[in-house]
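See below for the structure under consideration.
The values are calculated or read from the model by the stated rules, or taken from the named source; none is laboratory data. The structure displayed is predicted, hence computed values, not measured ones. Methodologically, a virtual Cβ is constructed for each residue, glycine included, from the backbone with ideal geometry; neighbour enumeration extends over all protein chains shown.
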Amino acid sequence: MCGIVGYIGERSASDVLIKGLKRLEYRGYDSAGVAVMNGKMLCSKGKGKVSNLEKTLKKNKIEGFLGIGHTRWATHGEPNDVNSHPHLSESGKIAVVHNGIIENYTTLKKNLIERGRTFQSQTDTEVIAQLIEEIYTTSADITFDRAIRLALKQIVGTYGLAILNSETPDRIFIARKGSPLLLGIGDNEMFVASDASPIVEYTNKVVYLDDGEMAIVTQDSYRVKTIDDFPLTKEVHELAMSLDAIEKAGYPHFMLKEIFEQPRSVADCMRGRLNHEEGTILLGGIEDVMDHLVKARRIVIAACGTSWHSALVGEYLFEQLAKTPVEVEYASEFRYRDPLIGEGDVLLVISQSGETADTLAALREAKKRGALVLGICNVVGSTISRETDAGVFTHAGPEIGVASTKAFTAQVVVLIMMALELGERKGILGQKEMKRYLTELMRIPSKIEYILEHSDEAIQKMAGLFTYAPNFLYLGRSFNFPVALEGALKLKEISYIHAEGYPAAEMKHGPIALIDEMMPVVVIAATDHTNDKMISNIQEVKARKGRIISIMNDDNPEVKELSEFHISIPSTIDCFSPLLTVIPLQLLSYYIAVNRGCNVDQPRNLAKSVTVE
Ligand code: AGP
């Protein structure tokens with residue numbers, strides 16, 4: 001997704017902007033640019049990496065203490081210099097950077113062209129700059145911020161905006177509708193950004209803009225109001241994020257760091273929320289709505305990507321531990337199919353970023369229909385976390401790598417705790433069972449640690465053998481069917497190898513036709529109650545010369561015998577096994593991608609948070 005940064009203060013604006021844009025690179029982008037005020041508006045932008053922009057600015061330094069910057073993830077108009085942001089109005093006096101999509105930009109652009117305006121780019125964003133200028137220059141006695149507000153009222157779509165005007169060189173105008181925007185409050189300096197990562201090294205005091213709000217920001221003040229000009233007093237939040245959390249800490253990639261952080265992130269997710277000696281769980285964020293959950297006819301879970309995979313694990317968890325029927329939906333499908341949901345239903349949305357457009361839309365659709373909407377998010381202050389009726393944070397720490405790893409395991413931990421708590425409240429799980437479950441749950445971080453310590457090297461070697469395999473098949477059963485999907489997605493998205501996940505029993509219904517000596521088949525054979533069936537599936541693959549890589553428990557000689565390669569992992573309670581079986585799959589996809597020279601943290605075409613449809 002696009003990234004926005006802004007700065008006013010005593011430092012070199014271009015230095016702060018470049019550093020901030022680098023912090024946002026993980027969001028995925030194809031071009032970058034800055035506009036700095038130095039008596040007049042100076043703009044530098046182009047296709048390519050932030051480092052290219054940095055080199056350009058080193059050659060042609062832009063002095064100034066106020067500016068805005070942008071990393072573009074193309075939605076309208078190909079990635080090239082002219083389509084990169086900032087976009088200037090015709091006079092060159094107004095500069096705009098934008099994250100989001102203007103749905104009615106062609107109509108607006110046509111009207112502006114009819115009024116004699118000429119355009120440089122194919123983007124929707126340039127329309128914003130031109131529309132503001134058209135209103136500002138053709139209306140008598142109008143303030144610039146009123147011109148912005150009138151322009152925004154004509155816009156249909158989503159935006160996070162930072163705007164400069166050469167005629168008001170001491171301030172930045174920001175506005176938000178559907179794309180996140182934060183204001184960082186420093187000591188005689190102010191920061192603007194799409195998320196906290198460009199801000200955290202300067203200040204931990206932030207104000208989150210909400211939809212329909214704008215702000216006028218100067219070096220030592222800010223005024224927030226609605227686009228209907230109603231002044232607002234916003235709460236100043238303290239950022240929980242720390243600087244080292246967004247650094248690589250010596251790892252070659254954020255993804256590897258985040259894979260190895262999982263013993264701690266899983267522990268952090270549980271911290272202060274369970275007492276294994278008493279067999280009790282306390283999820284403060286949903287305490288007030290637990291009665292609704294107990295009475296709920298069903299729980300619908302909506303999410304995207306990896307979060308949809310953890311939702312599938314959640315389905316098995318809620319139905320086994322709490323006997324509550326669950327339906328899992330792709331958020332993008334749910335929102336458009338006139339869903340049958342209402343009073344008495346619960347929609348649970350899962351989102352690491354808390355900004356995924358489809359998931360946010362599903363939340364709003366269900367809320368509109370009267371359902372109780374709960375959330376599982378990793379980013380405090382994210383839109384989804386602020387629009388749900390209640391929720392649970394995963395506390396996994398910032399996940400920078402585009403491929404989600406620690407967020408997945410943290411989401412599964414939250415789902416386990418929710419399902420256990422619900423089962424206990426419904427009288428299905430007694431204290432003895434709760435103690436057994438929670439005691440084992442407390443052991444999971446050390447079991448993940450064990451896998452990372454004992455399997456990393458073997459997986460690195462195995463990755464070398466399969467680096468150039470054209471396809472992969474991942475098979476799992478029960479709780480590990482979603483893990484098969486997740487393992488396939490991890491490989492696809494960072495190594496660009498085609499991979500599919502399947503329920504193992506589905507092999508006979510088609511995929512088995514794909515099996516030959518060229519097909520690596522990753523089999524997740526760590527679920528006790530389906531082990532015999534899994535062995536039959538492995539035999540079917542072997543009979544067709546498939547190359548079997550098994551993720552298995554130490555005490556499974558039959559699977560080991562049948563496998564060309566195996567990764568042994570500690571055993572655990574079936575319903576907790578996704579927390580362990582996913583670890584080797586994360587490592588396998590990582591090492592294959594590194595061997596293939598792929599950009600692991602910022603895979604091509606991908607963004608960390610898909611805030612557009
Ligand atoms: C997962 O590795 C991908 N980066 C992607 O599928 C991601 O899970 C999906 O876009 C959902 O993101 P969210 O959890 O932030 O909503």
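Here is a yes/no grid of residues against (1) within 30 Å of Glu355 (Cβ to Cβ); (2) away from the ligand (no atom under 16 Å from the Cβ); (3) crowded, with 24+ Cβ neighbours inside 10 Å; (4) among the polar types (S, T, N, Q):
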site: Ala407; (1), (2), (3), (4): yes, no, yes, no
site: Val413; (1), (2), (3), (4): yes, no, yes, no
site: Lys426; (1), (2), (3), (4): no, yes, no, no
site: Gln431; (1), (2), (3), (4): no, yes, no, yes
site: Ala469; (1), (2), (3), (4): no, yes, no, no
site: Ser478; (1), (2), (3), (4): no, yes, no, yes
Report task. Name every residue in the stretch 85-121 that is small (Gly, Ala, Ser) and either assigned to a strand (DSSP E or B) or under 22 Å from Ala357 (Cβ atoms) (or both), in order of residue number. Result -> Ala95, Gly100
Query raised in the report: Of the residues that sit in the stretch 342-370 and are surrounded by 24 or more Cβ atoms within 10 Å (Cβ to Cβ), among the small types (Gly, Ala, Ser) and at pLDDT below 95, which one is nearest to Val300 (Cα to Cα)?
Result: Gly354
Report task. Write out, first by first residue and then by second, each pair whose Cβ atoms fall under 9 Å of each other, whose residues are 6+ apart or on separate chains, and whose first residue, in the stretch 51-68, is touching a residue at least 12 places away in the same chain (Cβ under 8 Å) while the second is assigned to a loop (DSSP other than H, G, I, E, B) and of a type in the set (Ser, Thr, Tyr). Result -> Lys61/Ser12; Ile62/Ser12; Glu63/Ser12; Gly64/Ser12; Phe65/Ser12
Query raised in the report: Are any residues in the stretch 339-353 β-branched (Val, Ile, Thr) and within 16 Å of the ligand (Cβ to nearest atom), and if so, which ones?
Result: Val349, Ile350
Query raised in the report: Are there any pairs, at least 6 apart or on different chains, whose C-beta atoms fall under 6 Å, with the first in the stretch 592-605 and more than 17 Å from Gly48 (Cα to Cα) and in contact (Cβ under 8 Å) with a residue 12 or more places away in the chain and the second of a type in the set (Ser, Thr, Tyr) and in a loop (DSSP other than H, G, I, E, B), and if so, which?
Result: Ile592/Thr467; Asn595/Thr467; Arg596/Thr467
Requested in this report: Scan the stretch 101-118 residue by residue and report those that are within 21 Å of Phe144 (Cβ to Cβ) and surrounded by 16 or more Cβ atoms within 10 Å (Cβ to Cβ).
Outcome: Ile102, Leu108, Leu112, Arg117
Query raised in the report: Considering only residues of the stretch 374-387 that are among the β-branched types (Val, Ile, Thr) and touching a Pro at 6+ places or on another chain (Cβ under 9 Å), which is farthest from the ligand (Cβ to nearest atom)?
Result: Thr383
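Tell me the residue from Ala371, Ala357, Ala390 that is more than 13 Å from the ligand (Cβ to nearest atom) and within 28 Å of Gln262 (Cβ to Cβ), please. Break it down stepwise before answering.
Numbers: Ala371 fails: within 28 Å of Gln262 (Cβ to Cβ); Ala357 fails: more than 13 Å from the ligand (Cβ to nearest atom).
The conditions single out Ala390.
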**Report entry** Residues satisfying the stated conditions in the stretch 159-188, i.e. part of a loop (DSSP other than H, G, I, E, B) and either surrounded by fewer than 21 Cβ atoms within 10 Å (Cβ to Cβ) or free of Cβ contacts under 8 Å to residues at least 12 places away in the same chain (or both)
**Finding:** Ser166, Glu167, Thr168, Pro169, Asp170, Gly186, Asp187, Asn188
Report task. Please indicate, with yes or no, whether at least one residue in the stretch 140-152 is closer than 26 Å to Asn38 by Cβ, of a type in the set (D, E, K, R) and part of a loop (DSSP other than H, G, I, E, B). Result -> no
Report summary line: Those residues of the stretch 12-50 which are without any contact (Cβ under 8 Å) to a residue 24 or more places away in the chain, under 28 Å from the mean Cα position of the chain (by Cα) and closer than 29 Å to Asp170 by Cβ amount to Asp15
Report summary line: Over the stretch 463-484, the set of residues within 22 Å of Leu256 (Cβ to Cβ) and touching a helix residue (DSSP H, G or I) at 6+ places or on another chain (Cβ under 7 Å) is Ala463, Gly464, Phe466, Thr467, Phe472, Tyr474, Val483
Query - Residue list for the stretch 119-141, filter: in contact with a helix residue (DSSP H, G or I) (Cβ under 7 Å, 6 or more places away or on another chain) and either at pLDDT 95 or above or surrounded by 14 or more Cβ atoms within 10 Å (Cβ to Cβ) (or both) - result: Phe119, Asp124, Val127, Ile128, Gln130, Leu131, Ile132, Glu134, Ile135, Tyr136
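Taking the options Asp229, Asp195, name whichever one is part of a loop (DSSP other than H, G, I, E, B), under 30 Å from Gln154 (Cβ atoms), of a type outside the set (Ser, Thr, Tyr) and at pLDDT below 95. Before you say what the answer is, go through the steps one by one.
On the way: Asp229 fails: at pLDDT below 95.
Unique residue meeting the criteria: Asp195.
Could you grab me the full set of residues in the stretch 274-301 that are part of a loop (DSSP other than H, G, I, E, B) and within 25 Å of Leu360 (Cα to Cα)?
Once the filter is applied, which keeps residues that are part of a loop (DSSP other than H, G, I, E, B) and within 25 Å of Leu360 (Cα to Cα), the stretch 274-301 yields Leu283, Ala296, Arg297, Arg298.
Considering only residues that are in a strand (DSSP E or B) and touching a Lys or Arg at 6+ places or on another chain (Cβ under 8 Å), look in the stretch 198-211 and name the one that is farthest from Ser221 (Cα to Cα).
The extreme case among them is Tyr208.
Is there a residue in the stretch 239-255 that is of a type in the set (Asp, Glu), touching a helix residue (DSSP H, G or I) at 6+ places or on another chain (Cβ under 8 Å), surrounded by fewer than 20 Cβ atoms within 10 Å (Cβ to Cβ) and within 25 Å of Ile68 (Cβ to Cβ)? Walk me through how you get there before you give the answer.
Of the stretch 239-255, the ones of a type in the set (Asp, Glu) are 244, 247.
Add one more test, that the residue is touching a helix residue (DSSP H, G or I) at 6+ places or on another chain (Cβ under 8 Å), and what stays is none.
Within the stretch 239-255, none of the residues are of a type in the set (Asp, Glu), touching a helix residue (DSSP H, G or I) at 6+ places or on another chain (Cβ under 8 Å), surrounded by fewer than 20 Cβ atoms within 10 Å (Cβ to Cβ) and within 25 Å of Ile68 (Cβ to Cβ).
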Query raised in the report: Which residues, taken from the stretch 7-51, are of a type in the set (Asp, Glu), outside any loop (DSSP other than H, G, I, E, B) and at pLDDT 85 or above?
Result: Asp15
**Report entry** Residue satisfying all of: in the stretch 303-341; in contact with a Gly (Cβ under 9 Å, 6 or more places away or on another chain) and among the polar types (S, T, N, Q); surrounded by the fewest Cβ atoms within 10 Å (Cβ to Cβ) among these
**Finding:** Gln320
